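> Dropping a structure here in structure tokens format, bear with me for questions.
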Amino acid sequence: MRYPPATPSLIHAARLRLAVPLVAVLATAALAACGAGALPSPVVQPSPSAAIQSPTGTAAPSPSPIAFPMTLTDDEGTSVTIPSAPRKIVSLTPASTEILFAIGLGPEVVGRTEADDYPPEAAAVPTVASYTAVDVEKIVGLGADLVIAGGNGFNPPDSIAKLRSLGIPVVVVYAKDVQGVFDDIRLVGRASGASPAADDLAASMASQFDAIRTATSGLEEPLVFYEIDASSKIYTAADDSFLAEMIGIAGGKPLTTGSATNYELPLEQLVSANPSIILLGDAAYGVTADQVRARSGWGTIAAVRAGAIEPVDDVVITRPGPRLVQGLLDLVAAIHPELGLGPSGSPVPQASAAATP
């Protein structure tokens, strides 16, 4: 999803969704840790009435049928040759770190970014990148034989080029939409030699997305305003953005800015649109429904008058990793609580991506 370009109150878009919750950057201009969440169980669950339950551990790695050396094409169209099955992997986006741990490769992850906050085990991995820079020398010193980097400017292109010039394979990922998330999980799995576990995880997530689409299909679509930030200017979903797609799948009609690149929404446009639901993506940073109700000029909005102002977890909703199903369920629970989806629903039975327990 394209985020707003850098301004005094907005950091470069491409970095936001892959690294930290978008609202964390908008509200604090700093990295922030997300709350506890759940990796979705990699089980195909046809019933749309089930929610995701936190697994007690990560999936065991599956034997790889992939023959190395191998060559693949990353999300930037670069052909990357990986000479042997990776044993020391550096992840330069929190989403990629979540993917690697979810497919059972946590022990192979030797480097991460300072923004990686899930799963908890990732905290023990050495930090090799900040929000603005990549420590190439440290990555080389760790003996990395594969780097998973973020595209669209998330990681500095010169750092990626430097790593490649030193003979380290770098696979760049950037999911522009929900399907891209599933594709990237498979891509990471292929590059790391764990395709069976990655394919199972992606298939399970896609199946659960389909089940949720079925559950919300044909329902009335309330107009939803997703608040990214309103501390100064008001920011919400852009047209055709990742966030707008998620809201649509959840059974809502996203209120967007009218532009595919601009995330700023004038108050007059918000009031005129008159959304019936307000979702607070910035709730983790202290924004409350009471504060929204107290804002000047917001009192006539239907959602404010009806008290339909709900906090949501921006991390699981916008980070393109294994917890995206939970993010979608959270959106459905806020938009269509009558369906009984989300945290209060029945848990999905658990299994590893490699074998049924």
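> Taking 0.36 nm per residue of sequence separation and subtracting the Cα-Cα distance, how much length would be gained by fully extending the chain between SER232 and ARG213, in nm to one decimal?
3.4 nm
> If the reach is capped at under 26 angstrom between alpha carbons, list the lysines near LYS88, excluding any in the same chain fewer than eight residues apart.
In chain and number order, the partners are LYS138, LYS162.
> In units of 2.2 N^0.38 Å, what is the alpha-carbon radius of gyration of region 50-212?
Region 50-212 yields a ratio of 0.98.
> How do THR318, THR71 line up, fewest other C-beta atoms within 10 Å first?
In increasing order of surrounding Cβ atoms, one gets THR71, THR318.
> Arrange the following residues from fewest to most other Cβ atoms within 10 Å of their Cβ: TYR285, TYR174.
Going from sparsest to densest Cβ surroundings: TYR285, TYR174.
> Now for a separate question. So how much slack lies between ARG293 and THR78, counting 0.36 nm per residue of separation and subtracting their Cα-Cα distance, in nm?
Length gained, ARG293 through THR78: 72.5 nm.
> Compute the length gained on full extension between ARG164 and ALA133: take 0.36 nm times their separation in residues and subtract their Cα-Cα distance, giving the result in nm to one decimal.
9.5 nm
> Also: Which of SER165, SER204, SER296 comes first, and how do the rest follow, when ranked by fewest Cβ neighbours within 10 Å?
In order of increasing Cβ crowding within 10 Å: SER296, SER165, SER204.
> For region 170-324, what class follows from the C-alpha gyration tensor (a ≥ b ≥ c being the square roots of its eigenvalues): rounded when a/c is under 1.5, otherwise prolate if a/b is larger than b/c, else oblate?
prolate
Any read-out appearing in this document is the output of simple, stated calculations on the displayed coordinates, not a laboratory observation. The structure displayed is predicted, hence computed values, not measured ones. Virtual Cβ from ideal backbone geometry, glycine too; neighbours counted across all protein chains shown.
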